[in-house]
1. Tell me, what is the percent relative contact order of the chain, built from C-alpha pairs under 8 Å that lie six or more residues apart?
2. Which of the peptides 50-61, 24-35, 113-124 is most tightly packed, and how do the rest follow, judged by the mean count of other Cβ atoms within 10 Å per residue?
3. For the residue pair residue 88 and residue 35, what label-to-label distance in nm results when each label sits 7 Å from Cα along the Cα-to-beta-carbon direction?
4. Using a simple spin-label model with points 7 Å from Cα along the Cα→Cβ vector, what separation in nm is obtained for residue 26 and residue 56?
5. Hey, which lysines would be in cross-link range of residue 43, C-alpha to C-alpha under 17 Å, not counting anything within fewer than 8 residues on its own chain?
6. What is the calculated FRET efficiency for residue 128 to residue 11, with r their C-beta to C-beta distance and R₀ = 30 Å, to the nearest 0.05?
7. If you compute Cα Rg over 2.2 N^0.38 Å for the structure shown, which of (i) 1.17; (ii) 1.00; (iii) 1.12 do you land on?
8. Keeping all protein chains in the complex and leaving out DNA, RNA and ligands, what accessible area do you get for residue 9 with a 1.4 Å probe, in Å² to the nearest 10?
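The values are calculated or read from the model by the stated rules, or taken from the named source; none is laboratory data. Just so it is clear, the structure is predicted and the values come from calculations on it, not from any experiment. Methodologically, a virtual Cβ is constructed for each residue, glycine included, from the backbone with ideal geometry; neighbour enumeration extends over all protein chains shown. SASA here: full protein model, heavy atoms, side chains in, ligands and nucleic acids out. Shrake-Rupley method; radii C 1.70, N 1.55, O 1.52, S 1.80 Å.
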Amino acid sequence: MRILVVDDEQSIRNTLCAFLERAGYEVDSAEDAQTACDMLSQKDYDVVVTDVIMPRLSGVDLLRCIRGRSETIQVIIMTGEPSVETAVEAVRRGTHDYLTKPVRRESLLRAVGQAARVKALIDEKEALERENR
């Protein structure tokens with residue numbers, strides 16, 4: 001499974017990437033949503049873990065970018081400033097999970113593990129449908 005971590009704080013990116021790499025995931029990172037959008041156009045990702053509040057484009061803007069490219073990429077939103085509006089928008093746009101900062105290792109690995117399983121099932125279903133055609 002290929003994971004993209006997006007956060008404007010380098011220490012958070014590094015920590016999340018380390019947690020995920022130790023769990024056996026292939027991980028890339030981006031410092032902002034625009035860089036992440038560019039990376040998504042060049043490489044396939046199964047799960048994106050993104051902060052909400054970032055310079056220029058927000059995590060919700062990134063979610064819109066992702067949904068413009070794929071309905072199957074699983075997105076996990078994290079925020080240090082949770083709000084009902086952000087949560088509702090994230091759910092409406094199809095986020096897999098919504099985590100509050102500071103994100104605990106166990107919470108991250110649980111959310112990413114569930115998202116990865118969903119993505120694997122979607123991929124398997126699509127492969128079976130192609131095979132049946």
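1. 22 percent
2. 50-61, 24-35, 113-124
3. 3.3 nm
4. Placing both labels 7 Å along Cα→Cβ, they lie 2.6 nm apart.
5. 119
6. It comes out at approximately 0.10.
7. Answer by label: (ii).
8. About 90 Å², rounded to the nearest 10.
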